[in-house]
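J.: Just passing along the structure, written as structure tokens.
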Amino acid sequence: MKRDSKLSSVLHVLLHLAHSERPMTSEQMAGMLDTNPVLVRRVLAGLRERGYISSERGHGGGWTVICDLATVTLRDVYDAVGAPTVFAMGNRNEHSACLVEQVVNASLADAFQEAEALLVQRLGDVTLADLSRDFNLRYDNHPHRRPEHEHAPG
């Protein structure tokens, strides 16, 4: 089963945008993610609606970060992209008449709910500024820095 990487992808492009000295186009970001620019625009629309990023059309246009990275958490971004399902696992049959399956379902449902609540809580503890600081530290300490390690497009 394919994993949903929307949150990871959006965080990736947000950090590129945060470290870019000029707007980035949907095509540039799509190239980084090996996806279609239309999909990038569709996902970024939720971030624009919440005031985290903006976009300008035309020559020299593109997407830019307009929020304070220290005030936006990973939970905020998670919510902005539609709060994708955290787990690919689930119950075999949600509405079974089998008592054994009902017991299994109830046990798994509780575990899934607790794990998801913990993860979503943790996302609320990490800001985009935290990610940016971690990137800067890794970049500064990387022994073989190359342009592809930079977050500012060439």
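The values are calculated or read from the model by the stated rules, or taken from the named source; none is laboratory data. Predicted model, so just to flag it, every value in this text is computed and none were measured. Glycine gets a Cβ as well: all are built from the backbone with ideal geometry, and neighbour counts include every protein chain shown. For accessibility, only protein heavy atoms count, side chains too; no ligands or nucleic acids. Shrake-Rupley method; radii C 1.70, N 1.55, O 1.52, S 1.80 Å.
J.: For the range 126-146, which residues satisfy the criterion of being at pLDDT 90 or above and open to solvent by less than 100 Å² (accessible area, probe 1.4 Å)?
T.: Of everything in the range 126-146, those that are at pLDDT 90 or above and open to solvent by less than 100 Å² (accessible area, probe 1.4 Å) turn out to be VAL126, THR127, LEU128, ALA129, ASP130, LEU131, SER132, ASP134.
J.: Could you give every pair whose Cβ atoms fall below 6 Å, whose first residue belongs to the range 130-143 and is under 20 Å from THR73 (Cα atoms), and whose second residue is among the small types (Gly, Ala, Ser) and assigned to a helix (DSSP H, G or I), counting only separations of at least 6 or pairs across chains?
T.: Once the first residue is under 20 Å from THR73 (Cα atoms) and sits in the range 130-143, its partners that are among the small types (Gly, Ala, Ser) and assigned to a helix (DSSP H, G or I) give SER132/ALA18.
J.: Sort out which residues of the range 35-46 are under 17 Å from GLY61 (Cβ atoms) and buried (at least 19 other Cβ atoms within 10 Å of the Cβ), and write them in order of number.
T.: Hits for the range 35-46 are VAL40, LEU44.
J.: Output the number of the condition that ALA88 fails; it satisfies all remaining conditions of (1) surrounded by fewer than 12 Cβ atoms within 10 Å (Cβ to Cβ); (2) part of a helix (DSSP H, G or I).
T.: (2)
J.: Continuing with the same structure: If you check VAL100, VAL13, VAL72, which single one turns out to be more than 24 Å from THR127 (Cα to Cα) and either at pLDDT 90 or above or open to solvent by less than 40 Å² (accessible area, probe 1.4 Å) (or both)?
T.: VAL100
J.: Tell me the residue from MET32, MET24 that is open to solvent by 50 Å² or more (accessible area, probe 1.4 Å) and touching a His at 6+ places or on another chain (Cβ under 7 Å), please. Please lay out each step first, then the result.
T.: Numbers: MET24 fails: open to solvent by 50 Å² or more (accessible area, probe 1.4 Å).
Among MET32, MET24, only MET32 is open to solvent by 50 Å² or more (accessible area, probe 1.4 Å) and touching a His at 6+ places or on another chain (Cβ under 7 Å).
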